[in-house]
1. Just checking, which of B:Glu238, B:Glu247 is assigned by TED's automatic domain parsing to the domain that holds B:Pro75, at pLDDT below 95, more than 19 Å from the chain's Cα centre (by Cα) and farther than 30 Å from A:Glu88 by Cβ?
2. Right, A:Lys48: at pLDDT 95 or above and more than 8 Å from chain B (Cβ to nearest Cβ) or not?
3. Tell me yes or no: at least one residue of the stretch B:107-114 is in contact with a strand residue (DSSP E or B) (Cβ under 6 Å, 6 or more places away or on another chain), within 9 Å of chain A (Cβ to nearest Cβ) and not in a strand (DSSP E or B).
4. Out of all the residues in the stretch B:191-202, is one or more among the aliphatic types (A, V, I, L, M) and either within 30 Å of B:Leu59 (Cβ to Cβ) or outside the structural domain of B:Thr107 (by TED's automatic domain parsing) (or both)?
5. Within the stretch A:48-61, does at least one residue satisfy the condition of being in contact with a His (Cβ under 6 Å, 6 or more places away or on another chain) and either more than 30 Å from B:Gly180 (Cβ to Cβ) or among the charged types (D, E, K, R) (or both)?
6. What's the total number of residues in the stretch A:34-43 that are in contact (Cβ under 8 Å) with a residue 60 or more places away in the chain and part of a loop (DSSP other than H, G, I, E, B)?
7. Quick check: anything in the stretch B:221-229 modelled with pLDDT of 95 or more, hydroxyl-bearing (Ser, Thr, Tyr) and under 30 Å from A:Thr38 (Cα atoms)?
8. Write out, first by first residue and then by second, each pair whose Cβ atoms fall under 6 Å of each other, whose residues are 6+ apart or on separate chains, and whose first residue, in the stretch B:189-213, is within 30 Å of A:Val44 (Cβ to Cβ) and without any contact (Cβ under 8 Å) to a residue 24 or more places away in the chain while the second is exposed (fewer than 15 other Cβ atoms within 10 Å of the Cβ) and among the hydrophobic types (A, V, I, L, M, F, W, C).
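The values are calculated or read from the model by the stated rules, or taken from the named source; none is laboratory data. This is a predicted model, so every value here is computed, not measured. Here Cβ is always computed from backbone atoms with ideal geometry, including for glycine, and neighbour counts include all displayed protein chains.
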Amino acid sequence: MNRLPRLALASCLAGFLPAALADLPIARLFVKPLLCVTDREATVCSMKFNIRWKSETQARYCLNDSARESPLRCWESASAGTHSEEREVSEAFVYWLGTPGSEQRVAEVKIDVLRLDAPDRRRERRTRHVWDVL
Amino acid sequence: MSDAWLDLMRTRETLMRILALSAWCTLACAQEIQPGAAHTPVAVPAAAPERHWRLGAGLGYGNRSNPLIQSDDIPVIVDLDVAWFGKRWFFDNGDIGFTLVDRPRFTTSVVAQLNSDRVFFGKTNTRYVNFAYSGYGRAETPLVDPEDGAVVTGPVEVVIPDRDYAIELGFETLVDGDWGAATLRAFHDVSGTHGGYELSADVSRRWTAGRVSFSPSLGVAYKSARMNDYYWGVNADESSPALPAYEAGGGFAFEGGLQANYYLSRQLRLAVSINYERLAREVAASPLAEDDYVLAYFSGLAWTF
């Protein structure tokens, strides 16, 4: 099958944003760090997150994360903000910026968790092939 | 609202999800430097069960030395990782296995594999040598024809004998705990190529600090006389003034390695790997062996799909 027409169709349809989404202010969210690496003996990451956001529209914004129901912090009539927090991470989650009382996400960043210890130990077998160097 | 409009909305929603997911896959490694973009909601997947497939590729520069005379080293530019793990069956970069026992402390499988020694014989060159070089670069004495004892004065063609791949079948037990991990293996040729066997054991331990992991490893392998002699022995009909007959016995090889990774994202890492194998004395003494070791190293970017 020729995929080009499909891609073109997908691109066209993607241009039709829902009206509610199109009304959201344009904002950007920056978070560091973004990755937690866990292992057998280090199952939790103690991380300090530096979060900042910037919007083209001055409004009331709240910083949320997918692991908690209530906002981490809200700003009144602001177009930028910073926040930092220390927390222990063992599961992936998302920081997201929204407007109060709305579930719509203006911007979001995912914090990933990489687990090095596989539950299936066969995945960690060391082959002794000449061509395998990693 | 018409059905057609609802269908269009559903189609668009599906496409948006696909596009968002594709964007995640593409940009996952660049998240460190890219801010979260507005209007790109991405669903956080729930903790998914382990996928059957493991696909990866390493791209960088590496080399594995070739202990065989008149042979080139084996460059490693791309290291592909193709593996599939089912409940019992698995395929791991050429190895095919069936898990017999899986316990909290260990896993034992029957595994079929290709012998690695044959790979060294795939990059040979034919050369002509004079008395100063007797084929394995150690003797400085004139070459003597073993048949009549006469000194050979002219150039002598040195042809590396052909060796075949062997299919080996055996048992493999993986053990791990807080101390690290170990592998015990016992394999026998089932293809009738060399009729020998190999026993090996290795231990490794991984330390993780932040985004960095270090994994040193140590191993020992015993290869039987039949196996060593098939690959590294020189039969009477293969011998020449420059390549004397040799019968290799069984012996122990030792290896040590270190692998380090710096994880840029879930999928992408900087990888450095080095491995040194000391060949068995019985192999290193062969006129086919130029070196008594195999040194392999690689550094580059490794991507796990």
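1. From the options B:Glu238, B:Glu247, the qualifying one is B:Glu238.
2. Numbers: at pLDDT 95 or above: yes; more than 8 Å from chain B (Cβ to nearest Cβ): yes.
The answer is yes for A:Lys48.
3. no
4. No, there is no match, as no residue in the stretch B:191-202 is among the aliphatic types (A, V, I, L, M) and either within 30 Å of B:Leu59 (Cβ to Cβ) or outside the structural domain of B:Thr107 (by TED's automatic domain parsing) (or both).
5. Yes, some residue in the stretch A:48-61 is in contact with a His (Cβ under 6 Å, 6 or more places away or on another chain) and either more than 30 Å from B:Gly180 (Cβ to Cβ) or among the charged types (D, E, K, R) (or both).
6. 3
7. Step one: filter the stretch B:221-229 for residues modelled with pLDDT of 95 or more, giving B:221-229.
Checking the rest, the ones that are also hydroxyl-bearing (Ser, Thr, Tyr) come to B:222, B:224.
When the remaining residues are screened for being under 30 Å from A:Thr38 (Cα atoms), the result is none.
Within the stretch B:221-229, none of the residues are modelled with pLDDT of 95 or more, hydroxyl-bearing (Ser, Thr, Tyr) and under 30 Å from A:Thr38 (Cα atoms).
8. Partner pairs satisfying both residue conditions: B:Val203/B:Leu218; B:Trp207/B:Phe214.
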